[in-house]
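Written out below as structure tokens is the structure these notes cover.
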Amino acid sequence: MAPTVPSAAKSASPSQPSGKSEVADLKQQLRQLAGSRAPDADDQRRDVFKRVISCMTAGIDVSAAFGEMVLCSATSDVVTKKMCYLYVGAHARAHPDLALLTINFLQRDCRDQDPTIRGLALRSLCSLRVPNFVEYLVTPLTTGLKDPSAYVRMIAAVGAAKLYHISATACIDADLPASLKALMLSDPDAQVVANCLHSLQEIWTLEAANSEAAAREIETLYSKPVVFYLLNKIKEFSEWAQCLVLELASKFLPSDNNEIFDIMNLLEDRLQHANGAVVLSTIKVFLHLTMSMTDVHQQVYERIKAPLLTLVGAGSPEQSYAVLCHLHLLVMRAPMLFSSDYKSFYCQFSDPSYVKKLKLEMLTAIANESNTYEIVTELCEYAGNVDVPIARESIRAVGKIALQQYDVNAIVDRLLQFLEMDKDYVTAETLVLVKDLLRKYPQWSHDCIAVVGNISSKNIQEPKVMKCFFKRPPETQKALGATLAAGLSDTHQDVHDRALFYYRLLQYDPAVAERVVNPPKQAVSVFADTQSSEMKDRIFDEFNSLSVVYQKPSYMFTDKEHRGPFEYSEDLTNLAVGTEAQENVISAQRYQENDNDLLLSTSDKEDNGTRASNGSATSTYNAPSDLIGSSLISSQTPAEASLINTGGPTYSSQSNFSLDDLLGLGVTETPAPPPPPALTLNSKPVLDPGTFQRKWGQLALALTQECSLSPQGAASLMNPQSLIRHMQSNYIQCIASGGQPPNYKFFFYAQKDGATAFFLVECIVNTASAKAQLKIKGDDGTAAEAFSTLFQSALSKFGLS
């Protein structure tokens, strides 16, 4: 019997590269093909290049083959050239020394007879983004802007902006902006014009902070000749370019009404465009141009309704949501104009939840006397929806409509019918709404109480309806006692402190406790809006952007590099070091907003407050001084300690009558535990910036908190040095600071006395809101809470002395 021949190892395929051995094999094949003039050499190069790109896509480091790839770049095959440029662009920035090998063949290709190769070579040359290669870019770009091929000119126009980001001086010295402007106003190709416009806007916007000439050039872009020249060519542009031109037109300041009407006539047919971005951009132009013409502005709302409603039903759910967000913004500004179109906002069975939720908000906004019955009837159908969040939202929508209408008899009847549904979430949500309704319509109290009295407590799962002790003390006495006992023994500090607060409050005087916990609420006529009109106007100014989708201005969600002069980051690389660091860390050259731009909306402040308390280990509860005596702020009592140490109540017949007896706790007296030792700081800590930065990157975040400054302290921050000196007097040193009004950032450090442990603090202060956001890290995490208390105490005294 013949011996079995072992199977050969399977060779790696292009889709399954094998690593180093594969790269070595590729290098060998590339060397053999370099300079080859065989008839099939181009086909072989293409196959090998495909394998190289396949390896690169799979994450294998093929930079070792850089030299061989450059040697094989001498080919007339366009596909091979594209793969070579892709390879070079991916590895040039990581290997600038090797990238120098590509300069000669890229410059040679920029002079190729084939315009496609010229354009690809110029794009790759500008994409190297190696500062040392700037001198090699200027000449090809200047030549490219004058190239007879529109494709090459289009590439060169974008390349000028790339050069500016690599070296602004080289771009300005070469007078490329002037060449771009001349090309924009004379080139017959629409895409070249659009690319020139985009590059000019980018270059001049960034340059305007340093150059008055650039600021004047920006104004020329918004002049009548340029704007009307571009609008007259708008049908020739691509959809992206049309949006670019329309954005430019939205910032144009017409000299009279005739110019407004001329622009609107030019753009009338753009409202019928199939692309949603073009339609929204056109609407933005119409709205912004007619802001000062009240009657025409109202007519614009009527004109844009049909295109927007068409886009809602014609596109994907994502497009529908984006358009609905813009419709929602318009509805909030002019609800009456959309009140007759309420059926367009009914929820469809196939709508995603996020679309349904937005439609419910719109139905709530446009409800009035003429359509309330139909809208409420539709919303009541959603209450039985299988999607529980949507069912809850629909019930809330009915309640909101009831709060803003005069004739609420039918609506209240519908809400009371919800209480008879055998669904706990419907019952709980309705009870919350009934509470608010009774504040506005006290006359309905008898009917509501009659229905509420028949509800089983098992159907109530909502924590907002559970303030029962002060209404029915006998029935809830035992439950409250057990709840307080469990809270006092809870390991979570927030739960423990809240239970302790209620315990001492009841111990002081149950009548006072009722005034604090369950005060009488006056009847109201109008409930507060959660978003200020100023915030809505700011979002309206950013129409056709993500600001409308996020329902907040762009400065609240943009990256730090686009946020303005103040960066919220974890590193110190952009901060001045030392006590003289009151100079601005980041120049204000790109910041064109007012001080109020960095204020948070009401909802964001509430979210920040929630995050701060969730991230902290302690919570402080303040009550009016006339309601709480000294007994409430004393140290923990033996009874409280017993509840904590024993894990529950200990009953004793010798206990005196007290709140413990009232709640059925009956705890025994035990000695109070000694207070923890106070934290003291080293009066002369020493920490160099390098060590601070290393520690900041290595240590885990111990606490995140929000605290308040006194009005005097916020005013004193006009001179940031005053805060630095104040904290130094409390043995807390500043190692870096920066910012501009109303926001300042400080990095502080302190050292535990008699130990090597350091505490590091990032403190971001907003003088407009007199709030400070704190991030605390420390070598001794167990003392972070005590240090936070000490730090906040020092900060609260700033400006008072």
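The values are calculated or read from the model by the stated rules, or taken from the named source; none is laboratory data. The structure displayed is predicted, hence computed values, not measured ones. Every residue, glycine as well, gets a Cβ built from its backbone with ideal geometry; the counts of neighbours run over all protein chains shown. For the accessible areas, the whole protein counts, side chains as well, though only heavy atoms, and no ligand, DNA or RNA atoms are used. Shrake-Rupley method; radii C 1.70, N 1.55, O 1.52, S 1.80 Å.
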Inset, instruction - Can you confirm whether region 320-328 contains a residue that is open to solvent by 10 Å² or more (accessible area, probe 1.4 Å), in contact with a helix residue (DSSP H, G or I) (Cβ under 7 Å, 6 or more places away or on another chain), within 17 Å of Ile390 (Cα to Cα) and hydroxyl-bearing (Ser, Thr, Tyr)? - result: yes
Legend entry - Residue in region 677-691 that is most open to solvent (accessible area, probe 1.4 Å), counting only those that are free of Cβ contacts under 8 Å to residues at least 60 places away in the same chain and outside any loop (DSSP other than H, G, I, E, B): Gly690
Inset, instruction - State all residues of region 74-89 that are assigned to a helix (DSSP H, G or I) and open to solvent by 50 Å² or more (accessible area, probe 1.4 Å); if no residue qualifies, say none. - result: Val79, Lys82, Leu86
Legend entry - Selection from region 729-743 of residues that are closer than 14 Å to Leu795 by Cα and either free of Cβ contacts under 8 Å to residues at least 60 places away in the same chain or open to solvent by less than 30 Å² (accessible area, probe 1.4 Å) (or both): Ser729, Tyr731, Ile732, Gln733, Cys734
Legend entry - In region 49-73, residue nearest to Arg111 (Cα to Cα) [restricted to those that are charged (D, E, K, R) and open to solvent by 50 Å² or more (accessible area, probe 1.4 Å)]: Lys50
Legend entry - helices (runs of 4 or more DSSP H) enclosed by region 382-497 - at least 1 residues per element that are open to solvent by less than 60 Å² (accessible area, probe 1.4 Å) and either at positive phi or modelled with pLDDT under 80 (or both): 409-418, 424-440, 445-452, 473-488
Legend entry - Residue tally, condition under 41 Å from the mean Cα position of the chain (by Cα) and open to solvent by 30 Å² or more (accessible area, probe 1.4 Å), over region 90-115: 8
Inset, instruction - Filter region 154-197 for residues that are of a type in the set (S, T, N, Q), farther than 24 Å from Val134 by Cβ and in a helix (DSSP H, G or I) and give the result. - result: Gln191
Inset, instruction - Starting from residues that are in contact with a Lys or Arg (Cβ under 8 Å, 6 or more places away or on another chain) and surrounded by fewer than 18 Cβ atoms within 10 Å (Cβ to Cβ), keep the ones in region 762-776 and report whichever is farthest from Pro720 (Cα to Cα). - result: Ser769
Inset, instruction - Kindly list, by first and then second residue, each pair from a residue in region 199-218 that is at pLDDT 85 or above to a residue that is open to solvent by 40 Å² or more (accessible area, probe 1.4 Å) and not hydrophobic (A, V, I, L, M, F, W, C), limited to pairs with Cβ atoms under 6 Å and residues at least 6 apart or on different chains. - result: Trp204/Glu217
Inset, instruction - Select the helices (runs of 4 or more DSSP H) contained entirely in region 221-291, then report the ones holding at least 1 residues which are more than 30 Å from the chain's Cα centre (by Cα) and not aromatic (Phe, Trp, Tyr). - result: 224-232, 257-267
Inset, instruction - Would you mind telling me which numbered condition in (1) under 30 Å from Ala249 (Cα atoms); (2) of a type outside the set (Phe, Trp, Tyr); (3) at pLDDT below 90 Ser344 fails? - result: (1)
Legend entry - Top-ranked residue of region 251-289 - restricted to ones that are in contact (Cβ under 8 Å) with a residue 40 or more places away in the chain and of a type outside the set (A, V, I, L, M), ranked as surrounded by the fewest Cβ atoms within 10 Å (Cβ to Cβ): His288
Inset, instruction - Inspect region 125-138 for any residue being in a loop (DSSP other than H, G, I, E, B) and more than 14 Å from Val88 (Cβ to Cβ) and give the result as yes or no. - result: yes
Inset, instruction - Could you grab me the full set of residues in region 702-734 that are among the small types (Gly, Ala, Ser) and in contact with a Gly (Cβ under 9 Å, 6 or more places away or on another chain)? - result: Ala702, Ser710, Gly713, Ala714, Ala715, Ser716, Ser722
Inset, instruction - Could you figure out which of (1) open to solvent by less than 40 Å² (accessible area, probe 1.4 Å); (2) not in a strand (DSSP E or B) isn't true of Phe759? - result: (2)
Inset, instruction - Sort out which residues of region 217-227 are open to solvent by 30 Å² or more (accessible area, probe 1.4 Å) and of a type outside the set (Lys, Arg), and write them in order of number. - result: Glu217, Ile218, Glu219, Thr220, Tyr222, Ser223, Pro225
Legend entry - Residue that is least open to solvent (accessible area, probe 1.4 Å), among those in region 498-514 that are of a type in the set (D, E, K, R) and at pLDDT 80 or above: Arg504
Legend entry - Residues located in region 352-364, provided they are open to solvent by 30 Å² or more (accessible area, probe 1.4 Å) and either of a type outside the set (Lys, Arg) or farther than 13 Å from Ile395 by Cα (or both): Pro352, Ser353, Tyr354, Glu361
Legend entry - So Lys356, is it over 24 Å from Val426 (Cα atoms) and not in a loop (DSSP other than H, G, I, E, B): no
